[in-house]
1. Please go through region 70-172 and write out the trypsin sites (Lys or Arg not before Pro) that DSSP classes as loop and that have at most 16 other C-beta atoms within 10 Å.
2. Could you work out the local net charge near residue 251, counting Lys and Arg as +1, Asp and Glu as -1, over the other residues with Cβ closer than 14 Å to its Cβ?
3. For each of 201, 192, count neighbouring Cβ atoms within 10 Å of the residue's Cβ, then give the residues from fewest to most.
4. So what is the 222 nm mean residue ellipticity for the chain from helices alone, if each DSSP H run of at least 4 adds -39500 (n - 2.57) and you divide by all residues, rounding to the nearest 500 deg cm²/dmol?
5. Given R₀ = 35 Å, what would the calculated FRET efficiency be for residue 137 paired with residue 54, taking r from the Cβ atoms and rounding to 0.05?
6. Given H placed on each backbone N at 1.01 Å, which residues far from residue 33 in sequence or on other chains put an amide H within less than 5 Å of it?
7. Label points 7 Å out from Cα along the Cβ direction at residue 258 and residue 94: separation in nm?
8. Scan around residue 87 for amide H atoms under 5 Å from its own, H built in the peptide plane at 1.01 Å from N, and keep only partners 5 or more places away or cross-chain.
Amino acid sequence: MTVINIEDLSFRYRQAKEYAIKDINLKVRRGEFLGVLGASGSGKSTLCLTLNGIIPNSIRGEFKGNVYVKGQNTRDVSPAKLSPIVGLVLQNPDSQLFNMTVEEEIAFGLENLGFEVDEIRKRINWALKITGLQGLENEFPPNLSGGQKQRLAIASVLAMKPEIIVLDEPTAQLDPRGREQVLSLITLLNKEQGITIVLVEHNTDYMLSFADRVIVMDRGEIIREGKPREVFEEAELLRSLGIRLPASIKIGAELKRRGILKKAALTEKEIIEALKNRI
Ligand SMILES: Nc1ncnc2c1ncn2[C@@H]1O[C@H](COP(=O)(O)OP(=O)(O)OP(=O)(O)O)[C@@H](O)[C@H]1O
Ligand SMILES: [Mg+2]
């Protein structure tokens, strides 16, 4: 089942000369994990903002084509109405956190939607548990670590129980430990909670291991789309766009070149398995 359907979408910001995204056609299936790659300025964030209707409803400009989220045209529904369906997590968690405690932060969106107190309580506990923030309920969000703040931003979105979560470079400002925490959480949301994920992320090793499909954007267009291993075969193209090849692909190719492995095993896990079998 298709949950997001983008048809002939182009968008130009008001003050801009060029279109930030051009002629995008894309379908996202329920439960899918879609990775988005592309150089800086290629239109990744703009695409994310069209998925929950912020573009064109809050950020205006020249908008052509249509985005359907579960059959609803984003032109016709407010971003607030879409928030229980599509949650958006931004690069900088600080811009998304503004309450006095972790718990209030998670409750905020639910209170605005008018949920009953019991239901809010249940959802807060559920979101705290999944994101591993139990015990931090009464903390002041600015005092959390980077990884905790980003997990809190995800928890606030998660509490709305959206079917789809869009994350725009959620690990960009985190240290390695925070990155690891956030990426494992995203994997869990997709693989265990069945949430559809659209993720902009530069860690291609992670994409290779966990994304079902990736798209590559260049100057506003989708120039490649396919299974991560197919897309990552185009080493030259990716290099020219400044997209790092997964380390495991480079290592696999080198092991094959040296005759250590018969085929260029691709994910880290596959390389480990292949090497184990040699012993
Ligand atoms: N608010 C805005 N007003 C005018 N132009 C904008 C605005 N936001 C982005 N742009 C332009 O739209 C194009 C696409 O930007 P976008 O932020 O979507 O790219 P991106 O792939 O997310 O880049 P990055 O990797 O740096 O986050 C760029 O040329 C950018 O300068
Ligand atoms: Mg961006």
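Read the figures in this text as sums done on the coordinates, not as results from a lab. Keep in mind that this is a model prediction, so the values were computed, not measured. Cβ coordinates were reconstructed from backbone atoms using ideal geometry, including for glycine residues, and neighbour counts include every protein chain displayed.
1. Those that pass, being in a loop and sparsely packed, are 70, 75.
2. With Lys, Arg at +1 and Asp, Glu at -1, the net is +2.
3. Details: 201 24, 192 9.
Ascending number of Cβ neighbours within 10 Å: 192, 201.
4. Rounded to the nearest 500, it is -11000 deg cm²/dmol.
5. The pair residue 137/residue 54 has a calculated efficiency of 0.75.
6. Under 5 Å from the amide H of residue 33 lie the amide H atoms of 197, 212, 213, each far enough along the sequence or on another chain.
7. It is 4.4 nm.
8. 164, 165, 166
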